[in-house]
Amino acid sequence: MRGLPMSPIVQLPPEPNAAIIDRFALHGAHIGTSEDQSPWVPFGDSAAIRHLSFDVRTGSVCNVLWVKGGGCIGTHRHRAAVSAVTLQGSWGYYEYDWTARPGSFVYETPGTAHTLYSDDPQGMQALFWIHGPIEFFDEHGNHTETTDVFWFINHYVSHCEKHGLAINQALFL
Ligand SMILES: [Fe+2]
């Protein structure tokens, strides 16, 4: 069995664009688990979102969606790809016959429409990486709102400002 190397930081060969990388590259982020790094923001009556990343260049966001047991998210249509890994509980879409459980992977494609539910007593939590806008509809099929990267930013920022919480700039990398 291999142990940790003596010096865990590997020395790489010279990088020809090192100075440019230092000047212009983004250096990534670590969002810890505490509420002050990113709080749970209520999303309707039975769900909450923990925002992790906003990318205004590509119009994409990353977050954890938490739907409490017996909750659902209204019918929506995607205009770009979405992927998700389930962290806790189980959930599905009324339109499909699968059930997502911890560790399973979901990939949603542009143009598809569906209604998320969780009938698990534990509810569900899943990490979503969402590209592009999502159109939401009411139970009669009427369009109600479109969520895009700016909707998600407003969801986070307005919650922080309402509760006197600092805005975590690392979410915007
Ligand atoms: Fe979806």
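Odds and ends about this structure:
- If only residues of the range 28-41 that are assigned to a loop (DSSP other than H, G, I, E, B) and hydrophobic (A, V, I, L, M, F, W, C) are counted, the one that is surrounded by the most Cβ atoms within 10 Å (Cβ to Cβ) is ILE31.
- Among the residues making up the range 90-116, those that are more than 22 Å from LEU52 (Cα to Cα) and in contact (Cβ under 8 Å) with a residue 24 or more places away in the chain are GLY92, TYR93, PRO110, GLY111, THR112, ALA113, HIS114, THR115.
- Single residue of the range 103-116 satisfying the filter (part of a strand (DSSP E or B) and within 10 Å of the ligand (Cβ to nearest atom)) that is most open to solvent (accessible area, probe 1.4 Å): ALA113
- In the range 42-64, residue nearest to SER158 (Cα to Cα) [restricted to those that are assigned to a strand (DSSP E or B) and open to solvent by 20 Å² or more (accessible area, probe 1.4 Å)]: PRO42
- Whichever residue in the range 75-95 is open to solvent by 80 Å² or more (accessible area, probe 1.4 Å) and farther than 19 Å from HIS131 by Cβ and, among such residues, is nearest to the chain's Cα centre (by Cα): LEU87
- Residue check: LEU87 meets all listed conditions (1) modelled with pLDDT under 95; (2) within 27 Å of GLY28 (Cα to Cα) but one, namely (1).
- THR86 vs. criteria closer than 16 Å to GLY44 by Cα, among the hydroxyl-bearing types (Ser, Thr, Tyr) and within 14 Å of the ligand (Cβ to nearest atom): no
- Per-region count, the range 1-27, residues charged (D, E, K, R), surrounded by 10 or more Cβ atoms within 10 Å (Cβ to Cβ) and in a loop (DSSP other than H, G, I, E, B): 1
- Residue list for the range 118-173, filter: aliphatic (A, V, I, L, M), closer than 25 Å to THR86 by Cα and surrounded by fewer than 16 Cβ atoms within 10 Å (Cβ to Cβ): LEU127, ALA170, LEU173
- Within the range 117-129, the residues that satisfy the criterion of being away from the ligand (no atom under 11 Å from the Cβ) and closer than 24 Å to ASP55 by Cβ are GLN125, LEU127, TRP129.
The values are calculated or read from the model by the stated rules, or taken from the named source; none is laboratory data. From a predicted model like this one, the values you see are computed outputs, not experimental measurements. Methodologically, a virtual Cβ is constructed for each residue, glycine included, from the backbone with ideal geometry; neighbour enumeration extends over all protein chains shown. SASA here: full protein model, heavy atoms, side chains in, ligands and nucleic acids out. Shrake-Rupley method; radii C 1.70, N 1.55, O 1.52, S 1.80 Å.
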